[in-house]
Structure formats: structure tokens, C-alpha cells
Amino acid sequence: MLQDLPTVTARRVQMRLRLESGRTLWVPGAYDALSARMIVHAGFEAVVVSGFGVSASMLGMPDTELYTMTENLSVVRAVCHAVPVPVMADCDTGYGNAINVMRTVREFEAAGAASVTLEDQISPKKCPAVSDATSLLPLDEAVGKIRAAVAARRDPSMAIIARTDARTPEEAFARGKAYAAAGADVIKPISKCFDSFEGLVQLREAVQRPLAISLLGKLQRNLTTQQIEALGGICTFPLLPLLTAAAALQSNLAALRRTLQPEAVPIAPMREMDFKRWIGFDDVEELERQFLPQAH
């Protein structure tokens with residue numbers, strides 16, 4: 001807490017160098033600053049702020065672009081201030097047309113994001129993990145939004161990740177190549193499009209860019225860790241932290257309601273003193289001793 005963090009530029013360069021190395025960057029999804037700190041504490045080298053998670057944790061509502069750009073931005077900013085690693089921002093459709101995208105990119109850049117992900121659905125988007133009723137922008141409009149994002153960023157080390165929600169490999173190839181030509185640094189297909197390692201290899205060869213994949217659905221079932229490592233790029237676990245917390249809370253709270261006995265919950269909570277130490281109370285007390293007047 002209140003620790004000295006690497007500069008934003010240093011974190012962006014760190015992510016760039018990792019992508020250029022060809023080694024896969026494994027990234028769980030955070031939904032707030034606390035979950036982001038847990039991810040870093042576990043040893044991961046980056047954090048992605050999941051739009052699905054933000055919508056669920058902030059609004060208690062589904063990921064259908066109901067939260068605003070500024071609500072998402074507030075979570076990303078808090079995460080950037082809480083952890084020392086690159087933070088990837090999920091910017092949905094960019095919250096409007098290409099001109100809106102330019103402001104979105106600059107706001108998330110100023111908040112400290114190491115990358116922004118923009119998708120080619122028509123707004124308001126629907127989460128493809130749970131809905132098949134997704135509609136894509138015309139290709140020229142989607143390309144214009146990527147071009148606008150590239151033009152808007154002030155720090156060239158911040159990565160622009162272009163996500164396509166295309167459902168067929170042929171359309172994913174066409175859109176991925178167009179977004180790469182528009183300046184996207186990374187191409188992200190949705191998990192429902194490709195279900196094999198071979199298809200992802202073909203996509204990477206077609207776009208000549210690193211891929212970002214979310215380990216969900218068919219990809220989770222069909223890809224081995226070794227295959228993902230061979231792809232390089234980025235592999236995210238966007239929902240696992242959120243769903244882990246949801247399952248634990250649901251289970252423990254149901255047991256607590258039945259018994260009204262904290263000792264009877266099935267999942268042992270962290271000890272209060274351990275959590276206080278972990279979250280940084282000891283650090284604050286040390287700062288108080290350094291900088292506040294002491295009683296004599």
C-alpha cells in the first residue's frame with residue numbers, strides 16, 4: 001500500500017518487450033483493485049480489468065455495456081494505482097464512434113493502462129461468452145475506429161488490441177488483417193470462433209501480429225498449455241477470479257444464513273489479522289510514525 005510503483009511508461013515497455021519476446025503473457029481478470037492485488041500476489045506479471053467483472057461487481061448487472069466509460073475508467077485507474085505490473089483495459093466498443101474512441105483511448109492512457117482492447121460489435125455490445133445475438137460493425141467503420149485509436153494515443157508504447165467478434169475463421173482472417181493494417185498491435189479473436197490450435201496458428205500467420213486469446217469454452221477444453229505457449233502473445237483467464245469469489249461468497253453466506261455461526265462456513269476465510277497485514281495496515285502505521293506528530 002502506498003508503495004512506489006514503476007512508471008506507467010516502464011510498465012508499458014515491459015509489456016511490449018514481453019510481446020516481442022514471443023513468450024506468452026498469462027493474465028487473470030481483475031474486477032477491482034483488491035482482486036488485482038491478489039493476482040499480482042499470486043505471481044502473475046500483468047492484470048486485465050475484465051468488463052464482465054466490472055459490470056458484475058460495480059452494478060451487479062450483466063456485461064451488456066450498461067456501465068459507462070467513466071465508471072469503467074474509475075476501476076482501471078484504481079487498479080493501475082494499486083499494482084506494479086502492466087494493466088490491460090477492456091474498453092468494449094470504445095463507447096461510441098471513432099471520435100468517441102479517440103477520447104476513450106486518451107482517458108485510459110492517462111489512467112495508466114498498458115493496453116486498451118477495442119471490439120467490433122455494434123454498441124451496445126453483448127458478451128459473446130453468454131450470447132449468440134452479437135452484430136458486427138461494417139468493416140470500414142470498425143477499421144476507422146482502430147485507426148482513430150492509434151492516432152489518439154500519445155505514448156506509442158501503449159498497445160492497441162483489436163478484438164473481432166467474427167464467428168467464422170474466414171471473417172476473422174479478413175478483419176484481423178484489416179485491423180493489423182490499421183495499426184493494431186495485437187489481434188484478439190473471440191473464443192467461439194476458433195476451437196483448435198491449428199486455426200489460431202493460421203490466424204497469427206495471416207495477421208502477422210501477436211494474438212490475445214481468452215481461455216473460455218472450446219479453447220479452454222481443446223488447447224494445452226504447451227500449445228498456448230507456442231502461440232506466444234497473451235492468454236487471459238477473464239472470469240476465473242470473479243467466479244471463484246462468487247462461488248465462495250455464495251457458499252459461505254448460505255451456510256452463515258442457515259447456522260448464524262461464522263465457524264460453520266465451508267470455506268475458511270482469511271484470518272482478520274492476516275488480511276489486515278496483507279492489505280497494508282502495518283505499512284500505514286509505519287508511515288504514521290515517520291510523518292505524523294507523535295505523542296510524548
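The values are calculated or read from the model by the stated rules, or taken from the named source; none is laboratory data. Remember, predicted model here, so these are calculated numbers, not experimental data. Because the Cβ atoms are built from the backbone with ideal geometry, glycine has one as well, and the counts that use them run over all protein chains shown. All accessible areas refer to the heavy atoms of the entire protein, side chains included, with ligands and DNA or RNA removed. Shrake-Rupley method; radii C 1.70, N 1.55, O 1.52, S 1.80 Å.
Tabulated values for the structure
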{"quantity": "Bridge type composition, the chain - antiparallel percent by DSSP, nearest 5", "calculated": "5"}
{"quantity": "Over the chain: helical MRE at 222 nm, DSSP H runs n ≥ 4 each giving -39500 (n - 2.57), nearest 500", "calculated": "-15000 deg cm²/dmol"}
{"quantity": "THR236 long-range amide H proximity, modeled H, under 5 Å", "calculated": "VAL27, ILE213, SER214, LEU215"}
{"quantity": "When the range 73-148 is reduced to its Cα atoms, the Kirkwood hydrodynamic radius in Å", "calculated": "13.1"}
{"quantity": "Stretch gain in nm, segment ASP155-LYS276, where the contour uses 0.36 nm per residue and the Cα spacing is subtracted", "calculated": "39.9 nm"}
{"quantity": "Within the chain: Cβ-based charge dipole about Cα centre, in debye rounded to nearest 20 (Lys, Arg +1; Asp, Glu -1)", "calculated": "320"}
{"quantity": "For the range 241-296, the Rg and Dmax computed from alpha carbons only, in angstrom", "calculated": "17.5, 50"}
{"quantity": "Rounded tilt (10° steps) of 240-259 against the dominant C-alpha axis of the chain", "calculated": "40"}
{"quantity": "At most 16 other Cβ within 10 Å, DSSP loop - GluC sites (Glu not before Pro), the range 89-175", "calculated": "none"}
{"quantity": "Positive-end residue of VAL87, VAL201, LEU260, charge dipole of the chain with Cβ unit charges", "calculated": "VAL201"}
{"quantity": "Hydrodynamic radius by Kirkwood, which averages 1/r over all alpha carbon pairs of the chain, in angstrom", "calculated": "20.2"}
{"quantity": "For the range 104-253, alpha-carbon Rg and Dmax in angstrom", "calculated": "16.0, 51"}
{"quantity": "Overall dimensions of the range 1-122 by Cα: Rg and Dmax, Å", "calculated": "13.9, 41"}
{"quantity": "Long pairs among LYS192/LYS276; LYS125/LYS177; LYS188/LYS276; LYS218/LYS276, criterion Cα-Cα beyond 32 Å", "calculated": "LYS192/LYS276; LYS188/LYS276; LYS218/LYS276"}
{"quantity": "List VAL40, VAL186, ordered by accessible area with a 1.4 Å probe, largest first", "calculated": "VAL40, VAL186"}
